[in-house]
Amino acid sequence: MMTTPADVRAFVLRALEADLVGPFRGPGSPEPELLPLPPSRFYLTGFLVPKGARASEEPEDDDLDGQADEEDSGDAEAGSEAPPKQRQFLPSSCGMSFLLPEGPDSDTLEVSLSWAEYTSGEPYTVLAKQSKKRGGGTVETEKKGYLRKPLIEKVLSVSLGSLAKLGKSEKGLDVPGTDGVVIVGRMTRTKVGDTTVRAVSLFVENAREAPEEDRDLREEKTLFQVELRVAFAGGILARDTRSTSLDRDGRIADLQFRDVCEYAVGHGVSVRVLERHANGQDRRALRVGTCFVPRAEVKSVRARTELSGETVETRMGELAKLTTGPEVERALGGLPRAYEAWITAMEARGQELPEPHRREVSGVLAGDARRARARIEEGIRLLATNDEARRVFAWANRCMADAARRTRPNDEPSWRLFQLGFLLLALPSTLDGGHPDRETVELIYFPTGGGKTEAYLGLIACVLLARRLRGRGAPDEGLGVAVLLRYTLRLLTLDQLERAARLVCALEVLRREVAKGGGPRSAELGTSRFSIGLWVGRSATANTFKVAKLQVDEWKDQESGRSPLPIGKCPWCDTLIAKNQVTVDARDDEVAVRVMCDNFRACPFASGALGDGLGIPVLFVDEHIYRELPAFLLSTVDKFAMVPWRAEAGLLFGQATHRLAGVPATFLGPTA
């Protein structure tokens, strides 16, 4: 039973190896393994063909299971010619190179070799499709199968002296008890710095003979699931992986991964360490082996929590209550001080490095970190001295907290330190268009699941709120697209939509609350709702009201089927979207598409007394997006490529010429 992520990962890796290399062990699989296809076609890698039959051939009809009859295939155009196919050359050898410490030629390597073979001719029953002319359906047919023999394992001792001599000849070392399986290699002495080492290359080669025209014989002579393992009692030396690149990224990677090394380089295959010295002596490996499915372990990254004795308020709810400069200093002033203490400690460690070039890079990184710390301090000063910035920051924290409680009601919504630091660092240049750092691109580099989305959503909340505050009295009231979020993959865009839509709902709840408060500040956040738009290709969402209405009507008429909506539940209360709560109306004086929440007793985006009649503020039809111009827009790269060809897209970039009265606002602009 799989109980941990490590168990799941190990299972996926085993399944991947079984699928690509073999042997495949599915439910009900026979023992020994019996394949319906030649194993060189069933498996994609991990095999070595006979040296004289490296060129592959076109698959025969019997190899193509599940192919439709010509009369059933409607995609090919009449008279079209298939492009010429190039012959593929399959590998007949694989191996590795590694370094050994200097020593006598009498030193030996323990070489272990294992592989499997298959025999042809075993009967195999398959279900084959019948053509429409023959009545369709499936019928059992018997065809030739391929049976796996037990795994063959060989262990031999190879002296380094024999490898030194072997490198001068073309003949390899025959593996005893085999027919044409050969070990080929060489050993030479070279210098690594001032130290003499022995450089060894070792290969396993399938030197068997098999005529290309006899495919069955070629399959029987092929080595499958090949693995070559090498052990040396004196230890295999670690190879320095230091980058020779002179660019900034290369030098930083060299510093950060200075303790990561490789022990062997694969040729036609990857290599992994099978056994290390128990005490890590000289960073040597005792045993290495080939691996046709490369793997690497990436350690998880955890956000820093300790603060060197400083106190920093990270709870969003408490930050939402900040009203004065002294309160800001008490809540956040410890962050740059703690950051400086950490920078100083890292700088001291860097200066202890023995390599001058790494000490230099460490100093450069410390300087970059101090510039970031200075910008964080500037952000704190801005909040302490600027009432507007402080209100925006407090409101943004309130909305982020409200959105977080919707998914984790029992947790206290809090920032991770790097998220809070990013928000404070970027705030001055975000709110001030003339700031010197305005053109600086801020990059959050953190593994998946680390909290990048929350960090930039917090900054987005500040942008949207500040734009509304500053738009009071202006003709546009701060409306229009303020944030464009572009993704490369459509599925990733849909995944991020839910979290972004939840924040927009929180902003809209805040706007309504401010409007109901009365007084001179009731219109601070405007009279038009906050909304978010999904601007992607037509295969995911409709481009026009007409298409949207057809899709919605068809969806309502069916008991099951794909929903035309990009969301399946209300982003605010998680209530499933009911079909009777979705309407499409293309009249100019009405909201074109309404998606109402079905939770009319408790959700502010339902049709009950708590709602405003506009529904969930998520727009997904292109015409609706051009009409309302949501403050927040999610899109994909392929959609952006269409901008020069769509006049309406100019509305998204401030090209609106006039606005029609109504709620929500309707913008007009170029159409051709």
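Among residues of region 315-344 that are under 16 Å from R416 (Cα atoms), those with a Cβ under 6 angstrom from a residue that is among the acidic types (D, E) and open to solvent by 50 Å² or more (accessible area, probe 1.4 Å), sequence gap 6+ or separate chain, pair up as R315/E412; G334/E310; P336/E377; A338/E310.
Suppose the filter is in a strand (DSSP E or B) and surrounded by 17 or more Cβ atoms within 10 Å (Cβ to Cβ); does G234 pass it?
Working: in a strand (DSSP E or B): yes; surrounded by 17 or more Cβ atoms within 10 Å (Cβ to Cβ): no.
Considered against the rule, which asks whether it is in a strand (DSSP E or B) and surrounded by 17 or more Cβ atoms within 10 Å (Cβ to Cβ), G234 comes out as no.
I'd like the full set of residues that are open to solvent by 40 Å² or more (accessible area, probe 1.4 Å) and either within 19 Å of D476 (Cα to Cα) or in a strand (DSSP E or B) (or both), limited to region 524-549. Of everything in region 524-549, just one residue is open to solvent by 40 Å² or more (accessible area, probe 1.4 Å) and either within 19 Å of D476 (Cα to Cα) or in a strand (DSSP E or B) (or both), namely T527. Considering region 86-98, and only residues there that are of a type outside the set (S, T, Y) and touching a Lys or Arg at 6+ places or on another chain (Cβ under 6 Å), the residue that is farthest from E262 (Cα to Cα) turns out to be F89.
Taking the criterion of being under 28 Å from R646 (Cα atoms), touching a Ser or Thr at 6+ places or on another chain (Cβ under 8 Å) and of a type outside the set (A, V, I, L, M, F, W, C), the residues of region 533-570 that qualify are G537, P564, P566.
Please give the number of the condition A389 fails out of (1) touching a residue at least 40 places away in the same chain (Cβ under 8 Å); (2) closer than 25 Å to E306 by Cα; (3) among the small types (G, A, S). Answer for A389: the failing condition is (2). Take the conditions (1) open to solvent by 50 Å² or more (accessible area, probe 1.4 Å); (2) aromatic (F, W, Y); (3) modelled with pLDDT of 95 or more; F393 misses just one of them, which is (1). For R502, the test of being more than 22 Å from E623 (Cα to Cα), within 24 Å of the chain's Cα centre (by Cα) and touching a residue at least 40 places away in the same chain (Cβ under 8 Å) is passed.
Could you pull out the residue among R512, R521, R486, R467 that is outside any helix (DSSP H, G or I) and either more than 23 Å from the chain's Cα centre (by Cα) or aromatic (F, W, Y) (or both)? Show your work before the answer.
Values: R512 fails: outside any helix (DSSP H, G or I); R486 fails: either more than 23 Å from the chain's Cα centre (by Cα) or aromatic (F, W, Y) (or both); R467 fails: outside any helix (DSSP H, G or I).
Exactly one of R512, R521, R486, R467 is outside any helix (DSSP H, G or I) and either more than 23 Å from the chain's Cα centre (by Cα) or aromatic (F, W, Y) (or both), namely R521.
Do we have any residue at all in region 321-328 that's buried (at least 17 other Cβ atoms within 10 Å of the Cβ) and charged (D, E, K, R)? Within region 321-328, one or more residues are buried (at least 17 other Cβ atoms within 10 Å of the Cβ) and charged (D, E, K, R).
Could you tell me whether any residue of region 352-364 is open to solvent by 10 Å² or more (accessible area, probe 1.4 Å), part of a helix (DSSP H, G or I) and within 17 Å of P428 (Cβ to Cβ)? Within region 352-364, not a single residue is open to solvent by 10 Å² or more (accessible area, probe 1.4 Å), part of a helix (DSSP H, G or I) and within 17 Å of P428 (Cβ to Cβ). For E454, the requirement of being open to solvent by 40 Å² or more (accessible area, probe 1.4 Å), out of contact with any Cys (no Cβ under 8 Å at 6 or more places or on another chain) and assigned to a loop (DSSP other than H, G, I, E, B) is not met.
All of (1) at pLDDT 95 or above; (2) open to solvent by 30 Å² or more (accessible area, probe 1.4 Å); (3) under 29 Å from S114 (Cβ atoms) hold for T290 with one exception: (2). Does region 299-319 contain at least one residue that is under 30 Å from G95 (Cα atoms) and either among the polar types (S, T, N, Q) or under 32 Å from the mean Cα position of the chain (by Cα) (or both)? For region 299-319, residues under 30 Å from G95 (Cα atoms) and either among the polar types (S, T, N, Q) or under 32 Å from the mean Cα position of the chain (by Cα) (or both): present. Residues in region 307-336 that are within 21 Å of A506 (Cβ to Cβ) and part of a helix (DSSP H, G or I): M316, G317, E318, L319. Among the residues of region 635-655, which ones are outside any helix (DSSP H, G or I) and either open to solvent by less than 40 Å² (accessible area, probe 1.4 Å) or among the acidic types (D, E) (or both)? The answer is S635, T636.
The values are calculated or read from the model by the stated rules, or taken from the named source; none is laboratory data. If you're wondering where the values come from, they're calculated on a predicted model, not measured in any experiment. All Cβ positions, glycine included, derive from the backbone under ideal geometry; neighbour counts span all protein chains shown. Keep in mind that these areas ignore ligands, DNA and RNA; they rest on the heavy atoms of the full protein, side chains included. Shrake-Rupley method; radii C 1.70, N 1.55, O 1.52, S 1.80 Å.
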